[in-house]
Amino acid sequence: MAVSARSRCKAICRVFFCTILCLSLLILPSRATKVCQTFQPLKRNQLNMGTTMVAAAATFPRGGGAAKITATTAPAASSTTISSALILKSFLKTIADARSHLAAAAAARAVSIFSMYPVDTIKTRMQMKQGDAFRLSGLYKGCAGSLVGQVPYGVLTFGSYEIYKQALLNKFPNTKPALIYALSAILGDVTGSGWLCPSEVMKQQLQAGLYPSMSEAIKGIWSKSGIAGFYQGFTGGLARDVPFRVAQLTTFEVTKSLYLKAKKGRTGDDNAALSAVEAAVCGAAAGSFSAAITNPLDRIKTLMMTDTTNAYGGSVVACASKILKDEGIGGLFAGVAPRVGYIAPSVCIFFVTYEFVQQKMQKKE
């Protein structure tokens with residue numbers, strides 16, 4: 001394996017080791033507490049769809065939301081250690097309690113990704129400075145692999161988010177919940193990226209036309225770099241996703257607060273809440289703004305994942321430096337229009353599909 005491939009492997013291992021260590025430090029205090037011992041089933045109401053931008057940011061591809069999770073304090077455990085089996089049990093219980101929400105969110109995620117996939121392909125082509133970015137051929141190349149990566153990623157990120165959230169709430173009971181939710185969402189993103197990155201690498205290399213099919217992409221990436229090749233650009237993905245999530249959550253809270261203030265002033269109702277449609281509008285605004293300001297990081301991620309000759313140095317800093325040297329500051333914003341244009345329609349598609357599936361499931365119950 002090449003030196004660069006070994007370096008990527010080491011970097012990936014360090015990231016996951018730090019994530020696991022962080023979780024261990026949070027859930028292993030002097031008197032251990034069972035994590036996620038009690039999860040109340042998800043309850044839906046008008047405001048839930050709005051306040052859940054943090055809780056289920058993972059269920060929507062970089063810009064949406066889903067249902068509110070109620071945090072509960074777990075009873076103390078008599079043991080002094082928490083095994084990996086208990087963490088797994090907590091994770092599975094989280095998924096089981098949220099199965100209705102996750103099923104609807106998975107369907108909504110799949111529909112929104114499929115519907116807007118051509119826009120994402122155009123964005124990738126523009127970021128790679130390909131001449132005919134709007135050509136019709138190949139607009140859906142890599143879509144199947146993207147769905148295989150994105151849908152389970154939503155479940156994994158949601159489940160790990162709940163574990164991180166509960167651990168943080170138990171460890172820091174006096175900290176503002178909003179900060180706990182934001183940090184938990186970020187840690188959930190980091191955890192879920194371990195599953196998502198390989199599908200993202202294949203997707204973007206297919207979109208760029210580097211391979212004719214998914215099978216050829218798998219063979220080509222494996223023959224060149226082994227398993228490390230599927231994590232090419234992993235750090236670039238994290239460098240984009242963490243700032244995006246922070247910007248998204250912060251912007252959503254500000255947008256929601258301003259909208260509610262205006263709504264209360266207009267209606268005179270101090271108990272006014274966001275409807276599902278209003279939450280979608282706020283989510284679309286927050287997602288679009290966050291997509292725009294993090295576009296430079298998205299372009300870096302794209303170039304790192306499609307760089308088969310190591311022309312961009314294999315790191316975020318080296319890639320950014322080369323873009324600035326070759327193209328100037330404007331090069332960091334290549335593809336910003338389709339990236340921003342992707343978010344708002346995706347949010348609308350996600351919410352409509354989510355509500356439709358939820359209603360169908362409720363009728364069957």
Picking from Ala144, Ala182, the residue that is assigned to a helix (DSSP H, G or I), at pLDDT below 90, among the small types (Gly, Ala, Ser) and open to solvent by 10 Å² or more (accessible area, probe 1.4 Å) would be Ala182
So Ser275 passes all but one of these: (1) open to solvent by 50 Å² or more (accessible area, probe 1.4 Å); (2) among the polar types (S, T, N, Q); (3) farther than 23 Å from Tyr342 by Cβ. Which condition number does it fail? (1)
Tell me which residues, restricted to the stretch 122-138, are open to solvent by less than 30 Å² (accessible area, probe 1.4 Å) and either in contact with a strand residue (DSSP E or B) (Cβ under 7 Å, 6 or more places away or on another chain) or in a loop (DSSP other than H, G, I, E, B) (or both). Ala133, Gly138
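Within the stretch 198-224, track down each residue that is polar (S, T, N, Q) and closer than 19 Å to Gly237 by Cα. Outline the logic, then answer.
First, pick out the residues of the stretch 198-224 that are polar (S, T, N, Q): 199, 204-205, 207, 213, 215, 223.
Within the stretch 198-224, Ser199, Gln204, Gln205, Gln207 qualify.
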If you take the residues of the stretch 224-250 that are at pLDDT below 90 and among the polar types (S, T, N, Q), which of them is most open to solvent (accessible area, probe 1.4 Å)? Thr250
Being open to solvent by 40 Å² or more (accessible area, probe 1.4 Å) and touching a helix residue (DSSP H, G or I) at 6+ places or on another chain (Cβ under 9 Å) is the filter here; which residues of the stretch 302-315 pass it? Thr308, Asn310, Ala311, Tyr312, Gly313, Gly314, Ser315
Report the residue count in the stretch 164-179 for those that are surrounded by fewer than 24 Cβ atoms within 10 Å (Cβ to Cβ) and in a helix (DSSP H, G or I). 7
Based on what the data block shows, is Ser321 among the hydroxyl-bearing types (Ser, Thr, Tyr) and closer than 28 Å to Ile180 by Cβ? no
Which pairs turn up if I take residues in the stretch 283-295 that are closer than 14 Å to Lys123 by Cα and look for partners that are outside any helix (DSSP H, G or I) and modelled with pLDDT under 90 with beta carbon separation below 7 Å, at least 6 apart in sequence or on another chain? Ala291/Gly63
With the requirement that a residue be touching a helix residue (DSSP H, G or I) at 6+ places or on another chain (Cβ under 6 Å), under 19 Å from Phe350 (Cβ atoms) and not in a helix (DSSP H, G or I), what does the stretch 271-280 give you? Leu274
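The values are calculated or read from the model by the stated rules, or taken from the named source; none is laboratory data. What you see is a predicted model; the values in this text were computed from it and never measured. Glycine also receives a Cβ, built like all others from the backbone with ideal geometry; neighbour counts cover every protein chain displayed. These accessible areas exclude ligands, DNA and RNA; they are computed on the full protein's heavy atoms, side chains included. Shrake-Rupley method; radii C 1.70, N 1.55, O 1.52, S 1.80 Å.
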